[in-house]
Structure formats: structure tokens, C-alpha cells
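Q: What follows is a structure written as C-alpha cells; I'll ask about it next.
The values are calculated or read from the model by the stated rules, or taken from the named source; none is laboratory data. Worth saying up front: this structure is predicted, and the values here are computed from it rather than measured. A quick note on method: Cβ atoms are made from the backbone with ideal geometry, for glycine too, and the neighbour counts reach across all protein chains shown. Note: accessible area is taken over every heavy atom of the protein model, side chains too, but ligands, DNA and RNA are not part of it. Shrake-Rupley method; radii C 1.70, N 1.55, O 1.52, S 1.80 Å.
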Amino acid sequence: MIPVRCFTCGKVISTAWEEFKERRDAGEDPKEVLDDLGLERYCCRRMLLTHKEVVEDLFPYQ
Amino acid sequence: MEIAFAHLDERTAKFVLSGATPAFANVLRRAMISEVPTLAIEDVRIYDNTSVLFDEILAHRLGLIPLKTDLSCYGPREGCGCGGAGCPVCTATYTLSVEGPRTVYSSDLIPQDPNAAPAEENIPIVELGEDQKVVLEAQAVIGTGKEHAKWQPTVACGYKNYPAIRIDENCDGCGMCIDECPRGVLAADSGSVKVVEGRLESCSLCRLCERACLASGIGNEPAIHIDTEEGRFIFVVESDGSMPVSEIIERALQYVQKRSDDLVEVVNEITGEVAE
């Protein structure tokens, strides 16, 4: 799961994850998506850029 | 001491504090971060959790959700009339009961007091698969950022010195500093260089322009000097949504005032003088 807040500054960034993922997978430039979502500090931006979702892989194991 | 706001809304504030010592600026910053109380989930009773996250991870994620806090309704549990057992004056209670497959959001947390609802509605808490469910009860209490970061009302709260840029007469207008400035503070001005109007506060005091000026071969002294104005600070305060920024600033200042009054009282007690 995406962390609720940015590790460094504490801003809630998890609310931006779903839209970010959708638009990035649709081929949009991550830079522009992040700008659109209002994440201006590089600490918050790296939270989304470097995240890898693994919960779905864990579903079978409960 | 003077405060001039450049920008103020519910979530963010930018202001210039002038006529203050660096010590006072830091006291204000620290008070805003760690002394203004807010609500955050502290105790979680988990009845059922068949999700892929462990109970403690789930509880940690719940704790980080910012909750709207009305400090006129809630007080700290310590010294509360209920003796720490938990009553509506010191505790906000939430229930959550979701069955998969779907994602659990902060809006699924049902507050007993609608005024203490989560500040953001679409924070994903956990993703549930087929036949997975989460049933829990959570209690939020008042605390301060001193104890745990989840009780901080601010995010990215800080200040910097007010920049003062001086351009000497021997500037030959070569433009090296303009290209070097990462914040776009400088611009060419008929054979010299000037600060772009309204951009002075963007200066990060990195002094790359001074270095670029020296590298241009102007001599031993650069023609541009970056200094700071004494006693002037640019503050940026951002709220996590638990309360408006103006309230955070006000409460931090009240805290500083109360602490200094208390100190005066103690000192007077020791010296035997009567307070004025």
C-alpha cells in the first residue's frame, strides 16, 4: 500500500496515488501528473515516483 | 514585531516576520510543530482483520490520518474528569467495517462525532481481496507533536532569512549570474543586473551568482553580494487539514506567551518580587 504521508514533510500523499497510477499507466509524463496533483516538493514527488504496489500479489496468502 | 501575510488560506500560509530575533523565529516554528494539540487515532480495537496487512500496520496507517480538530470541544486525556478511562470530552470514537473485494478509504471510518471526521476522505487504508474483511473500533485522543509526529498540525513548517541582494557599480552586465540563478531572481538591466520585481523572496541564498560573477573574471571580489536582512524571516506554514493555518499560528503564539508568563512568575517567586 502507498504510505499515507510523505516520510519527510508529512503531507498526505496517498490521496494522489490512484490518479497518479492511472495517468502514468496511460502514458502521461509523471512530471506533469505530479504538477497537476499539486505535489511541489521533491520529497513528496519521490513518494509516488518510487512506489511499487505489492498488495495484490499478497492476496492469495492472506 | 510585525507579521505581514503574503498568502493565507485554510491550508497554507506564507508570511514575513520582521523585528524578531532568530531565537524567537525558531520558538514560533517549534511551537507550531510540536505544541499545538490535535486529534489522532491512538487506540485501535481490531475485531476482525483478514487483510494482507498486519494489525499493527493497519493501526499505524489509521494513526497517520489527519482528523478535523475543534479544540473547544476536546481536551487532553491527562487530567480529564473521566480519569483517563475515555469520555466524549477527551476521546473521539470511530468504527470501521468493510468487506472485500474493494479498497478501504478514510471515509469508511464512521465517526461518532461528525465534527471530528477525517480531514481527507479518500486516503486508501488497505486494499481488500475476495473474502477479506476488516472490522475495528478506533479511539482518537488529543496529543502534541512532541510525543508523536501524527499529532503535528503542520506539514513542512519552516522559515528562512530574508535575502538582501546588493549589486555593485562595477558590474559589467555579463549575465553569467542570471543564467546561473536556479530561482530566476535576476534579470539584465541596461548594462547591469537587477532583481526581478517580486522575485526577491524566491532567492534561496545559494550564492551561485556570487561564484558565477567571480568565474567571469571580474576580479577578487564579486560585483553581486547576497546577504540576509537581520531580524526578518520568511515563514511557510502548511496545515495537514486538522485545523486552519491561522488557528495553528494563533495557538502557537498563545503557547509562547503562556510559557514566558509562567517563567516570569517562577522567577518572581524565587527573587521574592511581586508580579506587576
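Q: Looking at the stretch B:231-249, can you tell me whether even one residue there is open to solvent by 60 Å² or more (accessible area, probe 1.4 Å) and free of Cβ contacts under 8 Å to residues at least 24 places away in the same chain?
A: Checked against the condition, which is being open to solvent by 60 Å² or more (accessible area, probe 1.4 Å) and free of Cβ contacts under 8 Å to residues at least 24 places away in the same chain, the stretch B:231-249 yields no hits at all.
Q: Could you tell me whether A:G38 is more than 22 Å from B:S106 (Cβ to Cβ) and of a type in the set (G, A, S)?
A: no
Q: Counting only residues that are within 14 Å of chain A (Cβ to nearest Cβ), open to solvent by 30 Å² or more (accessible area, probe 1.4 Å) and hydrophobic (A, V, I, L, M, F, W, C), which one in the stretch B:147-182 is farthest from B:G75 (Cα to Cα)?
A: It comes out as B:A156.
Q: Sticking with this structure for a sec: Going through B:V141, B:V135 one at a time, which residue ends up being more than 30 Å from A:K21 (Cα to Cα), of a type in the set (V, I, T), touching a residue at least 12 places away in the same chain (Cβ under 8 Å) and away from chain A (no Cβ under 14 Å)?
A: When all the criteria are applied, what remains is B:V141.
Q: Could you check B:Y94 against (1) in contact with a strand residue (DSSP E or B) (Cβ under 8 Å, 6 or more places away or on another chain); (2) modelled with pLDDT under 95 and say which number it fails?
A: (2)
Q: Say we look at the stretch A:35-44 and pick out the residues that are within 13 Å of chain B (Cβ to nearest Cβ) and loosely packed, with under 13 Cβ neighbours inside 10 Å; which of these is nearest to B:V236 (Cα to Cα)?
A: A:E40
Q: Starting from residues that are over 33 Å from the mean Cα position of the chain (by Cα) and open to solvent by less than 60 Å² (accessible area, probe 1.4 Å), keep the ones in the stretch B:188-206 and report whichever is farthest from B:P244 (Cα to Cα).
A: B:G191
Q: Oh, and also: Listed residues B:A4, B:A40, B:A31, B:A13; which is small (G, A, S), under 23 Å from the mean Cα position of the chain (by Cα) and under 13 Å from B:A140 (Cβ atoms)?
A: Answer to the selection: B:A40.
Q: Of all residues in the stretch A:45-56, count the ones that are in a helix (DSSP H, G or I) and within 9 Å of chain B (Cβ to nearest Cβ).
A: Counting residues in the stretch A:45-56 that are in a helix (DSSP H, G or I) and within 9 Å of chain B (Cβ to nearest Cβ) gives 2.
Q: Which ones in the stretch A:25-62 are among the small types (G, A, S) and within 21 Å of A:C6 (Cβ to Cβ)?
A: Answer for the stretch A:25-62, where residues must be among the small types (G, A, S) and within 21 Å of A:C6 (Cβ to Cβ): just A:G38.
Q: Filter the stretch B:43-72 down to the residues that are within 14 Å of chain A (Cβ to nearest Cβ) and among the small types (G, A, S), then identify the one that is most open to solvent (accessible area, probe 1.4 Å).
A: B:A59
Q: Of the residues A:E32, A:E18, which is within 12 Å of chain B (Cβ to nearest Cβ), open to solvent by 80 Å² or more (accessible area, probe 1.4 Å) and either assigned to a helix (DSSP H, G or I) or basic (K, R) (or both)? Break it down into steps so the answer makes sense when it comes.
A: Values: A:E32 fails: within 12 Å of chain B (Cβ to nearest Cβ).
The unique qualifying residue is A:E18.
Q: Could you list, in sequence order, the residues of the stretch B:116-132 that are touching a residue at least 24 places away in the same chain (Cβ under 8 Å) and within 13 Å of chain A (Cβ to nearest Cβ)?
A: Answer for the stretch B:116-132, where residues must be touching a residue at least 24 places away in the same chain (Cβ under 8 Å) and within 13 Å of chain A (Cβ to nearest Cβ): B:P118, B:A119, B:E120, B:I123, B:I125, B:V126, B:E127, B:L128, B:G129, B:E130, B:D131, B:Q132.
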